[in-house]
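Only one structure is covered here, and it is reproduced in the block below.
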Amino acid sequence: MKDNWRRNVPVFNVPIWTRPFQVLCVLGGIGLVLVLYREIVGLGPVSGMNDAYAWGIWKTFNTMVLTGLGSGAFAIGIAAWIFRRNQLHIVMRTAILTSFLSYIFGLTMLGVDVGRPWNFYWIAFPWHWNLHSPLLEVAVCMSIYATIPLFLENIPTVLDYVYDRWPQQRLSVEKFEKVVVAGYPFVVGLAYVLPAMHQSSLGALMLLGGDRVSPLWQTPLLPFLYVWAAAFLGFGFVIAILLFCGIIWERPLDVDILSQLSRINAWLIGLWISARLIDLTFRGRIVAAFRPDFFAGLFWAEMMILGWAFWMSRSASVRRSPRGMFFGALLTCLGGMLYRFDPTTTAFQPRPGSIYFPSVIELLISIGFVSIGAAIFIILAKVLPVLPAPLSLWYEMEAQREKSSQVAAAAIRSAAGQFVA
Amino acid sequence: MEITRRDLLQRITTGSAAIAVSGAVSAATMTGLAHAEEPAKVPPRAVGMLYDATRCIGCQTCVVACTKANDLQPDNRRDPLHQAPGDLNYRTKTLIKLYKAADGKEFSFVKQQCMHCVDPACVSACMFGGLKKDSKSGVVTWNGKYCVGCRYCEVACPYNIPKFQWEGFNPRIVKCELCKDRLAQGEEPACTAVCPKKAVVFGTREELLKEAKLRIAQNPGKYFENRVFGEKEGGGTQVLYLSHVSFSAIGLPELGDESVPRKYLKWQRRLYSYLILPAGLYAVLVGSIRKNWKHHEEHMREEEQETGLRAQL
């Protein structure tokens, strides 16, 4: 097929400073100003958190749920590098960049959420670590992952940019690239072990919630189900991003690769649903799903959304319809996010009668950080060769560059001519 | 793809190497954690309190004494004329609550404060040891130097005890520390010192347990299930309870005999013992990636030749 994705090409010919981008910047700005306010007055006045629900959406949504969406680099990377789905290498840059941004902002949000962030420096002293704490495991692995392997994985993209932008630097780029290539397998290995560890520890966090987490969610398999959910969330989110960007920036879609992603995603969801049902059945907790209460409703909502996502992803791969795949990916994200959110808040009852609902400021800060992440993604996708495209688009871009450099050279020449004259 | 004999041999060797590594890893994991899995022991000089709900008259003297002894600001936010907090909070380390049955006949007071668990969930949850259990007295204390303010202790504590200061830029975690400063001076905690009915008394855990069992023996049928709450519950606590109504009615959850961290983090601890499993996983992954790397490089070279463009990693 002519339009197969062969190369990562920046989104050229499109202005950066557009209306949606401005909206994102404004939302991000509001969020940042409110963060300042939060640091001064403390957590109580700005959030809906209380002594029963000590964790609000900053931790449970921005960190615990959104880093699940940012697991594309982990999940698709394993498919590409370990299970040799070689075709998928082409979407890795998109996955890596979205993962990097969601992790960086998840971690920043954690810093805003905690009450005494200045004490985080103890993380540099391993002998002060309490290795029994799942949260320590999360904090350590997540910050190492985001700042070292995930950051390094983005370097080839930047090198490509430098190579094309400054031809005089090509030799040093090539030299540096050799170092990168030599270290890459070790970095990539780390980029799979660390997320496997902290994504499962995110699930382990609520283990200590004990019986206060509804039996439909509380299980010794919580860490396993969390990391598995991160896998399909990563796939779903990357499919959704690729399709979304392809549509708004009018780029050809590679249905082959997208449907391959969808197919793997369907498998991941299907296995996850069966694992969860088997676990509930064997431990006899499944009866709780048939009580006419809120938790059972929530459970079936999750299962139905994910079941639908499974069906859509499977049948979409048969019908090869981008719309079907997009819908399937959105359902995957929605169901997975709901699953990862529920045991922390909606299915967590620390004390009868206590309630939590995020305040307006809390929501605005949360939205603000997501907006900044999206804005940075938009800039980088337009500057760096991140999004996959067919070769034809690359040649088109080259031709355009040539032309614009000729125009620039002509302009300089004429300006110089005028100066001489 | 055609499989040559060499390929096959290579696969068999890598495959068996992987199996050997994972076998060694799991064996080491199991033996490594066998000893880490013993239940936590009661510290040698464990001190605590015994609260007897049948003796308590709900006078709140202990609440006032606690506020004074710990330099807390009396919490009159709900009612300007009284120190009347609705629950434990960062200005209230202990509180007397009243339980009344729906039919109005059965009632009981209950004193709430930190239970000073033998194997505390809050200490297990705490990242850098902001909450620590003293190895001798067993008192669970907070140290602001190591506290990040993540509030995981609040999520983890099965008794809902640690409280967070929701105001200000320098918040604290507040909970009963068994008046550690008074203990250091050889005095007993403020609440036990002032209790007019000796409903709450201070002592070593051993003495208190003996005393509680004596009271049960002397008054058969008086106490709920003839049971001392805290002897075994949740892995044992250093604050013990006697009650004439059910423990769950006065807000003490039935947790079983295993401590919360042991019960829920068992597998987590096994999987992470000495980081053997992650290290083994890393070795296997790097090996596999390096093998597939050659394939990828070949593919990149083909791509370069075909398109005449520099390959993208």
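Any read-out appearing in this document is the output of simple, stated calculations on the displayed coordinates, not a laboratory observation. Quantities reported herein were computed from a predicted structural model and do not represent experimental measurements. Cβ placement follows ideal geometry from the backbone for every residue including glycine, while neighbour counts extend to all protein chains displayed.
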Expressed as an acute angle from 0 to 90° and rounded to the nearest 10, what is the orientation of the C-alpha long axis of helix B:276-307 relative to the principal long axis of chain B? 40
With r defined as the distance between the Cβ atoms of B:Arg269 and A:Phe151 and R0 fixed at 45 Å, what FRET efficiency is calculated, to the nearest 0.05? 0.90
Around B:Leu131, which amide H atoms from residues at least 5 apart in sequence, or from another chain, sit under 5 Å from its own amide H, with H modelled in the peptide plane? B:Asn143
Along the charge dipole of chain B, which of B:Ala199, B:Leu81, B:Gly149 sits closest to the positive end, that is, farthest toward it, with unit charges on the beta carbon of Lys, Arg, Asp and Glu (+1, +1, -1, -1)? B:Ala199
Exceeding 32 Å between C-alpha atoms, which entries from my cross-link table qualify? They are A:Lys59/B:Lys232; B:Lys132/B:Lys213; B:Lys180/B:Lys210; B:Lys100/B:Lys198; B:Lys136/B:Lys163. A:Lys59/B:Lys232
Looking only at A:Ala347, A:Ala410, A:Ala389, which one moves most when chain A is put into a Gaussian network model with springs between Cα atoms under 10 Å? A:Ala410
GNM of chain B, Cα pairs under 10 angstrom: of B:Asn89, B:Asn143, B:Asn292, the biggest fluctuation goes to B:Asn292
FRET E, pair A:Trp249, B:Arg172, Förster distance 51 Å, beta-carbon r, rounded to 0.05: 0.50
Could you give the dipole magnitude of region A:130-203 about its Cα centre, charging the beta-carbon of Lys and Arg +1 and that of Asp and Glu -1, in debye to the nearest 20? 160
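Does region B:160-313 come out rounded, prolate or oblate by the C-alpha gyration tensor, with a ≥ b ≥ c the root eigenvalues, rounded set by a/c under 1.5 and, if not, prolate when a/b is larger than b/c and oblate if not?
Judged from the Cα gyration tensor, region B:160-313 comes out prolate (a/c at least 1.5, a/b above b/c).
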Report ³J(HN,Hα) in whole Hz for each residue of region A:18-32, in order, from the Karplus equation J = 6.51 cos²θ - 1.76 cosθ + 1.60 where θ = phi - 60°; Gly and Pro get x. 9, 4, x, 5, 4, 4, 4, 5, 4, 4, x, x, 4, x, 5
I'd like the orientation of helix A:170-205 relative to chain A: the angle between its Cα long axis and the longest Cα principal axis, in ° from 0 to 90, rounded to 10. 10
For region A:263-421, shape from the Cα gyration tensor axes a ≥ b ≥ c, cut at a/c of 1.5 then a/b versus b/c, turns out oblate
Restricting to DSSP H runs of at least four residues, report the calculated mean residue ellipticity at 222 nm for chain A, -39500 (n - 2.57) per run over all residues, nearest 500 deg cm²/dmol. -22500 deg cm²/dmol
Would you mind calculating the relative contact order of region B:150-271 from Cα pairs under 8 angstrom and at least 6 residues apart, reporting the percent as a whole number? 15
Any lysines with Cα under 16 Å of the B:Lys97 Cα? List them, leaving off those in the same chain fewer than 8 positions away. B:Lys111
With axes computed from alpha carbons, what is the tilt in degrees of helix A:294-319 against the longest principal axis of chain A, rounded to the nearest 10 within 0 to 90? 40
What FRET efficiency would be calculated for the residue pair B:Asn76, B:Ala283, taking the C-beta separation as r and a Förster radius of 51 Å, to the nearest 0.05? 0.25
Evaluate the relative contact order of chain A (contact order divided by residue number), counting alpha-carbon pairs under 8 angstrom at least 6 apart; express in whole percent. 34
What does the charge count around B:Asn219 come to, taking other residues whose C-beta lies under 15 Å from its C-beta (Lys +1, Arg +1, Asp -1, Glu -1)? +2
Using a 10 Å cut-off around each Cβ of peptide B:169-175, what is the average number of partner chain Cβ atoms that fall inside? 3
What is the local net charge at A:Gly77, summed over the other residues whose Cβ is closer than 15 Å to its Cβ (Lys, Arg +1; Asp, Glu -1)? +3
Once phi is turned into ³J(HN,Hα) by the Karplus curve 6.51 cos²θ - 1.76 cosθ + 1.60 with θ = phi - 60°, what whole-Hz value does each residue of region A:48-54 show in order, with x for glycine and proline? x, 5, 8, 5, 8, 9, 6
Residue among B:Ala184, A:Ala80, B:Ala279 farthest towards the positive dipole end of the protein assembly as shown, charges placed on Cβ: B:Ala184
May I ask you to list the aspartates and glutamates whose Cα is less than 12 Å away from that of B:Lys266, ignoring any residue fewer than eight positions away on the same chain? B:Glu37, B:Glu38, B:Glu258
Selected from A:Arg276, A:Arg93, A:Arg401 as most flexible by GNM, with chain A as the system and alpha-carbon contacts under 10 Å: A:Arg401
Applying the Karplus parametrisation 6.51 cos²θ - 1.76 cosθ + 1.60 with θ = phi - 60° to the phi angles of region B:124-139, what ³J(HN,Hα) value in whole Hz is obtained for each residue in order, glycine and proline being reported as x? 5, 7, 5, 5, 10, x, x, 9, 9, 9, 4, 6, 9, 7, x, 6
Region B:141-165-region A:139-197 distance, computed between alpha-carbon centres (Å): 38
I need the semi-axes of the equivalent ellipsoid of the protein assembly as shown: take the C-alpha gyration tensor, multiply each eigenvalue by 5, square-root it, list largest first in whole angstrom. 55, 29, 24
With each pseudo-label sitting 7 Å past Cα toward Cβ, what's the B:Ala184-A:Ile379 distance in nm, one decimal? 5.1
Give the peptides B:246-258, A:184-196 in descending order of average Cβ contacts within 10 Å, highest first. A:184-196, B:246-258
Sort B:Thr307, B:Thr92 by Cβ crowding within 10 Å, fewest neighbours at the top. B:Thr307, B:Thr92
Can you give me the relative contact order of chain B as a percent, contacts being Cα pairs under 8 Å and 6 or more apart? 23
Assigning unit charges at the beta carbon (Lys, Arg +1; Asp, Glu -1) and nothing else, what dipole magnitude in debye, to the nearest 20, does the protein assembly as shown show about its Cα centre? 500
Eligible lysines near B:Lys294 by straight Cα distance, threshold 29 Å, same-chain separation 8 or greater: A:Lys2, A:Lys175, A:Lys178
Considering the dipole of region A:268-387 built from charges on the beta carbon (Lys and Arg +1, Asp and Glu -1) around the Cα centre, which of A:Leu277, A:Ala289, A:Gln349 is farthest to its positive end? A:Leu277
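Count the net charge of all other residues whose Cβ sits under 15 Å from the Cβ of A:Thr18, scoring Lys and Arg as +1 and Asp and Glu as -1.
Working: positive: A:Arg19, A:Lys382; negative: A:Glu250.
Overall, the nearby charge balance is +1.
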What's the center-to-center distance, using Cα atoms, between region A:51-110 and region B:273-313 in Å? 21
Translational diffusion of chain B, µm² s⁻¹ [Kirkwood Rh, Cα pairs; Stokes-Einstein; 10 °C; 1.306 mPa s]: 68
